[in-house]
Amino acid sequence: MSVIFHIDANAAYLSWAAVERLKHGETEDIRRIESAIAGDPKTRRGIILAKSDLAKALGVRTGETVQAALKKCPWLKLFAPDHDLYARYSDAMYEELSRYSPVIERFSIDECYLDYTGSEALFGPPLEVAHRLKDEMKRKLGFTVNVGVSVNKILAKMGSELEKPDRVHSLFPDEIEEKMWPLPIGNLFSVGRSSRTRLETAGIRTIGDAARADRSFIMSLIGEAHGASVHDFANGRDDSPVVTAEEHDRKGIGNSTTTAWDVTTLEEADKVLLWLSDKVGARLRKHGCYARVVSVSMRPSDFSKRPYGHQRKLDMPIHTTDAIYAEAKALFREAWKGEPVRNLGVHFNEITDSREGQISMFGVGSCGGLPAGFPAGVAGGQTSGFAAGEPENAEELDKAVDSIRERFGKDAVKRGL
């Protein structure tokens with residue numbers, strides 16, 4: 001039987017900002033006051049990205065406007081987001097988890113799945129290890145996490161959401177009826193506001209209602225594919241494996257992340273795309289590869305809608321971060337429908353050993369095609385403006401950055417917009 005952990009950093013952006021401030025001599029822990037991470041604290045515009053428990057108690061909600069939050073709590077302290085900081089703490093969390101298993105999937109910047117199957121003989125019983133991992137994260141890194149433990153990814157994720165913060169929860173198949181079925185249908189992973197409204201209108205108000213309902217009825221309400229997925233999840237069914245970054249690389253170099261907030265502006269999207277471009281560019285260069293096709297994918301925050309994206313075939317293969325980022329920004333602007341999105345990805349296809357574009361077949365840990373499951377219907381066939389290839393100084397800069405990071409750690413050099 002598989003054993004899967006889902007690890008979720010509690011109020012990640014606020015917690016990571018608080019830990020960093022305390023490390024640099026600040027005496028006030030912003031987790032213990034009415035505070036929030038917001039889009040632009042100086043102009044008091046944008047949306048709330050994360051909030052403290054005290055702010056939450058006063059009605060401040062993630063995703064609402066700063067103006068709305070300040071009406072509820074006029075003395076709310078606002079702090080600017082720092083995506084480089086979040087990336088560093090996300091990497092630190094990943095490194096800590098890797099002590100217990102090499103099979104880790106980054107689901108988002110503050111969430112990971114860990115396949116603990118077969119590790120019990122080395123480290124101990126799953127629940128005991130989950131508690132140890134949680135306590136070590138708090139002691140070593142300064143922030144708390146929730147850990148869900150079960151036999152598959154959906155139950156582990158739903159388990160980690162049961163009660164926060166700083167908790168370990170099991171949600172095994174024989175616990176579903178007691179622990180998960182009484183929860184509101186909107187609590188089920190993948191059920192967004194639109195789907196929740198349709199389901200509730202039809203009398204499906206709890207996860208248990210969805211689990212016991214006829215599968216075809218759920219599909220008729222919210223669509224065949226999404227309805228089938230919701231019915232499976234409500235019954236605790238999920239056979240998707242924990243997929244490591246290396247396994248993704250065998251199918252194609254790419255990276256995606258699910259943000260903790262709705263991305264609603266080009267500025268927010270650009271920050272995420274730069275972080276992804278930096279990550280996937282480094283992986284391309286590590287393998288000595290170039291990409292001839294660049295793709296950007298996005299998933300609407302309403303999970304009932306299909307993911308979509310755009311791709312472009314280049315005149316010359318690329319692998320510098322600057323070139324990848326320029327293409328990613330342009331592709332996002334061409335494809336984005338202006339709606340809030342929660343997942344962004346940058347992927348490569350037609351991988352080559354050299355700038356001349358000779359396509360290679362690679363083995364384990366090397367390059368290949370687009371990742372399995374990349375959304376169908378992505379537009380393509382257009383040609384980029386990078387006909388002359390990449391500037392030599394960009395190549396040299398990336399080589400220097402990669403070398404420094406390899407020697408001194410991933411946080412030694414940070415890119416900015």
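The values are calculated or read from the model by the stated rules, or taken from the named source; none is laboratory data. The model shown is predicted, which means the values in this text are computed figures rather than measured ones. Here the Cβ is made from the backbone with ideal geometry for all residues, glycine too, and neighbour counts use every protein chain on show.
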Residue list for segment 48-74, restricted to those being of a type in the set (Ser, Thr, Tyr) and surrounded by fewer than 18 Cβ atoms within 10 Å (Cβ to Cβ): Thr65
Quickly run through segment 292-307 and pick out the residues that are farther than 23 Å from Asp110 by Cα and modelled with pLDDT of 85 or more. Val293, Val294, Ser295
Flag if Lys77 is surrounded by 15 or more Cβ atoms within 10 Å (Cβ to Cβ) and either on the phi > 0 side of the Ramachandran plot or of a type in the set (D, E, K, R) (or both): yes
Need pairs with beta-carbon distance below 6 Å; first residue not assigned by TED's automatic domain parsing to the domain that holds Val263 and within segment 56-84, second among the acidic types (Asp, Glu) and surrounded by 14 or more Cβ atoms within 10 Å (Cβ to Cβ); sequence gap 6+ or separate chains. Gly63/Asp262; Cys73/Glu34; Leu76/Glu34
Subset of segment 188-211 [in contact with a Leu (Cβ under 9 Å, 6 or more places away or on another chain), polar (S, T, N, Q) and surrounded by fewer than 18 Cβ atoms within 10 Å (Cβ to Cβ)]: Thr201
Residue within segment 144-152 that is free of Cβ contacts under 8 Å to residues at least 12 places away in the same chain and not assigned by TED's automatic domain parsing to the domain that holds Lys23 present: no
Taking the condition of being under 18 Å from Leu274 (Cα atoms) and not in a strand (DSSP E or B), how many residues in segment 338-353 meet it? 0
Looking at Ile222, Ile185 in this structure, which one is buried (at least 19 other Cβ atoms within 10 Å of the Cβ), within 30 Å of Thr144 (Cα to Cα) and touching a helix residue (DSSP H, G or I) at 6+ places or on another chain (Cβ under 6 Å)? Ile185
Checking Phe107 against (1) at pLDDT 90 or above; (2) in contact with a Phe, Trp or Tyr (Cβ under 7 Å, 6 or more places away or on another chain); (3) among the aromatic types (Phe, Trp, Tyr): exactly one of these is not met. Which one? (1)
What do you reckon, is Ala330 in a strand (DSSP E or B) and of a type in the set (Gly, Ala, Ser)? no
For segment 231-256, which residues satisfy the criterion of being modelled with pLDDT of 85 or more and either among the hydrophobic types (A, V, I, L, M, F, W, C) or under 13 Å from Leu344 (Cβ atoms) (or both)? Phe233, Ala234, Val242
Look at Thr117 and say whether it is under 20 Å from the mean Cα position of the chain (by Cα), outside any helix (DSSP H, G or I) and either outside the structural domain of Glu268 (by TED's automatic domain parsing) or surrounded by 15 or more Cβ atoms within 10 Å (Cβ to Cβ) (or both). no
Would you check which residues across segment 270-287 are closer than 14 Å to Asp82 by Cα and either β-branched (Val, Ile, Thr) or not in a helix (DSSP H, G or I) (or both) and list them? Val272
Exactly one of (1) modelled with pLDDT of 95 or more; (2) under 30 Å from Asp239 (Cβ atoms); (3) of a type outside the set (Val, Ile, Thr); (4) surrounded by fewer than 21 Cβ atoms within 10 Å (Cβ to Cβ) is unmet by His6. Its number? (4)
Selection count, segment 212-240, where residues are touching a Leu at 6+ places or on another chain (Cβ under 9 Å) and acidic (Asp, Glu): 1
From the option list Arg31, Arg106, single residue qualifying as assigned to a helix (DSSP H, G or I) and either closer than 18 Å to Leu141 by Cα or within 19 Å of the chain's Cα centre (by Cα) (or both) is Arg31
Show the residue pairs meeting these rules: Cβ distance below 7 Å; 6+ apart or different chains; first residue within segment 18-30 and surrounded by 12 or more Cβ atoms within 10 Å (Cβ to Cβ); second residue of a type in the set (Asp, Glu) and not in a helix (DSSP H, G or I). Ala18/Asp29; Leu22/Asp29
